[in-house]
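All remarks here apply to the structure that follows.
The values are calculated or read from the model by the stated rules, or taken from the named source; none is laboratory data. Just so it is clear, the structure is predicted and the values come from calculations on it, not from any experiment. Every residue, glycine among them, receives a Cβ derived from its backbone with ideal geometry; neighbour counts consider all protein chains shown.
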Amino acid sequence: MSKEDLIPVTWIKLYHYCPRIIYFLGVLGVRERVTESMLEGFRGHVAEKEREKRRLTLGGDRRTRVKRKWSGLYVTSERLGLRGIVDMVAEIDGELAVVEIKRSDPGLKPKRDHLYQAVAYAMLAEERLRRPVKRLILRYLPSGKFYNIPITEDMKKHIKWTIRQIKGILREEKIPRPHYRSSGKCQACGWFWICRKV
């Protein structure tokens, strides 16, 4: 299996935001319109990752000491059919955790698409490092919200289900129904320009 045949982990996140995005990317080959706010978010994300590399604690939280970090870890799995770059894997109190940094406001709980993206990264990191990854740490900037979430077998099963759904969209080349048709999320989506025409 070539690298190009592996599904990018970001597609797990995109599928859970709206499965139509997978159709636009994987079947039509269309790219998302890049906005200035997206570029600003990317620059902020890169700057935070650089700060995190120098810290001895996690996100400046003095209580969470990190024994070892792997930053920008490139991971692939032919078994899962996935590839991607993990923001960070951190060893905390003898256990590994995937750390994902997001530049948005999650609301009252972590966003579902962010959660499943992080689980997929954890599954890949386990395979690469040959050690179990027990936790997810989702950090939301600039709000500073911080979620420490144990990984369950049900979460991992859901990732495998998601991969099958994505492969089905690519294989059948049939456009899925959107997640949100009447909400404001569609108008704010970078894919709305094409989705509204379908």
Do we have Ile137 as in contact with an Asp or Glu (Cβ under 6 Å, 6 or more places away or on another chain) and modelled with pLDDT under 95 here?
no
Practice task
Could you tell me whether any residue of the stretch 147-167 is of a type in the set (A, V, I, L, M, F, W, C) and closer than 18 Å to Ile92 by Cβ?
Solution key: yes
Selection over the stretch 109-133 where residues are out of contact with any His (no Cβ under 6 Å at 6 or more places or on another chain) and either at positive phi or aromatic (Phe, Trp, Tyr) (or both) yields a count of 2
Reported set for the stretch 125-160 where residues are assigned to a loop (DSSP other than H, G, I, E, B), surrounded by 15 or more Cβ atoms within 10 Å (Cβ to Cβ) and without any contact (Cβ under 8 Å) to a residue 40 or more places away in the chain is Ile151
Subset of the stretch 91-126, residues charged (D, E, K, R), under 19 Å from Ser71 (Cβ atoms) and within 17 Å of the chain's Cα centre (by Cα), comes to Glu100, Lys102, Arg103, Glu126
Taking the stretch 105-126 and the residues there that are in contact with a Lys or Arg (Cβ under 7 Å, 6 or more places away or on another chain) and modelled with pLDDT under 95, the one that is nearest to Leu141 (Cα to Cα) would be Pro106
Conditions (1) at pLDDT 85 or above; (2) under 30 Å from Gly168 (Cα atoms); (3) not hydroxyl-bearing (Ser, Thr, Tyr); (4) not in a loop (DSSP other than H, G, I, E, B) -> Lys69 fails only (2)
All conditions in (1) out of contact with any strand residue (DSSP E or B) (no Cβ under 6 Å at 6 or more places or on another chain); (2) under 16 Å from Thr76 (Cβ atoms) are true of Val119 except (2)
Within the stretch 161-173, of all residues that are without any contact (Cβ under 8 Å) to a residue 60 or more places away in the chain and of a type outside the set (Asp, Glu), the one farthest from Tyr121 (Cα to Cα) is Arg171
Filtering the stretch 161-197 down to residues that are basic (Lys, Arg), under 19 Å from Arg112 (Cα atoms) and either in contact with a Phe, Trp or Tyr (Cβ under 6 Å, 6 or more places away or on another chain) or part of a helix (DSSP H, G or I) (or both) yields Arg164, Lys185
Scanning the stretch 93-116 residue by residue, those assigned to a loop (DSSP other than H, G, I, E, B) and touching a strand residue (DSSP E or B) at 6+ places or on another chain (Cβ under 7 Å) turn out to be Ser104, Asp105, Pro106, Pro110
